[in-house]
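The values are calculated or read from the model by the stated rules, or taken from the named source; none is laboratory data. For clarity, every value in this text was computed on a predicted model and none was experimentally measured. Every residue, glycine among them, receives a Cβ derived from its backbone with ideal geometry; neighbour counts consider all protein chains shown. In case anyone asks, the SASA skips ligands and DNA or RNA and just uses the protein heavy atoms, side chains included. Shrake-Rupley method; radii C 1.70, N 1.55, O 1.52, S 1.80 Å.
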Amino acid sequence: QVQLVESGGGLVQPGGSLRLSCAASGRTFRRYTMGWFRQAPGKEREFVAAISWSGGSTYYTDSVKGRFTISRDNAKNTVYLQMNSLKPEDTAVYYCNSNMYYSGGDWIADYYWGQGTQVTVSS
């Protein structure tokens, strides 16, 4: 059974940084594209970033390009999201996913999700 455990969220002032981690188990994750989604109050879950199985390709939603960096360590079955220059609009619960693909102009994720980690950007 796939298990995902996100961590690293918290309260940070605008302009600050956080590093999220997602520890995965139950699958050979090095074969899959992994990534992050987020869900703000009252909004649908949205794609944030993805990284190919080798780490050689990364993808970001436009609003985080140049501020967020996704990376992975296949030996540790862990994916990271370094978030810099945080803005209040980045406030959301962040979820990782261990099997994603791009189709029809959108990122599609499988049905295994962790509990998420809350990121709050506020002064």
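Candidates are the residues of the stretch 27-50 that are touching a residue at least 60 places away in the same chain (Cβ under 8 Å) and farther than 17 Å from residue 62 by Cβ; the one that is surrounded by the most Cβ atoms within 10 Å (Cβ to Cβ) is 34.
Residue-by-condition table, conditions (1) open to solvent by less than 70 Å² (accessible area, probe 1.4 Å); (2) free of Cβ contacts under 8 Å to residues at least 60 places away in the same chain; (3) touching an Asp or Glu at 6+ places or on another chain (Cβ under 9 Å):
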{"position": "6", "(1), (2), (3)": "yes, no, no"}
{"position": "9", "(1), (2), (3)": "yes, no, no"}
{"position": "25", "(1), (2), (3)": "yes, yes, no"}
{"position": "52", "(1), (2), (3)": "yes, yes, no"}
{"position": "65", "(1), (2), (3)": "no, yes, no"}
{"position": "82", "(1), (2), (3)": "yes, no, no"}
{"position": "89", "(1), (2), (3)": "no, yes, no"}
{"position": "92", "(1), (2), (3)": "yes, yes, yes"}
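Residue count for the stretch 79-117, restricted to those that are out of contact with any Phe, Trp or Tyr (no Cβ under 8 Å at 6 or more places or on another chain), modelled with pLDDT of 95 or more and in a strand (DSSP E or B): 3.
Return the only residue of 4, 20, 11 being in a strand (DSSP E or B), under 15 Å from residue 110 (Cα atoms) and among the aliphatic types (A, V, I, L, M). Before the answer, list the steps.
Working: 20 fails: under 15 Å from residue 110 (Cα atoms); 11 fails: under 15 Å from residue 110 (Cα atoms).
Result of the check over 4, 20, 11: 4.
Screening residue 123 with (1) of a type in the set (Ser, Thr, Tyr); (2) free of Cβ contacts under 8 Å to residues at least 60 places away in the same chain; (3) part of a loop (DSSP other than H, G, I, E, B); (4) touching a helix residue (DSSP H, G or I) at 6+ places or on another chain (Cβ under 9 Å) gives one miss only, at (2). Of all the numbered requirements in (1) of a type in the set (S, T, N, Q); (2) closer than 30 Å to residue 123 by Cα; (3) in contact (Cβ under 8 Å) with a residue 60 or more places away in the chain; (4) in contact with a Phe, Trp or Tyr (Cβ under 6 Å, 6 or more places away or on another chain), residue 17 misses one, and that requirement is (4).
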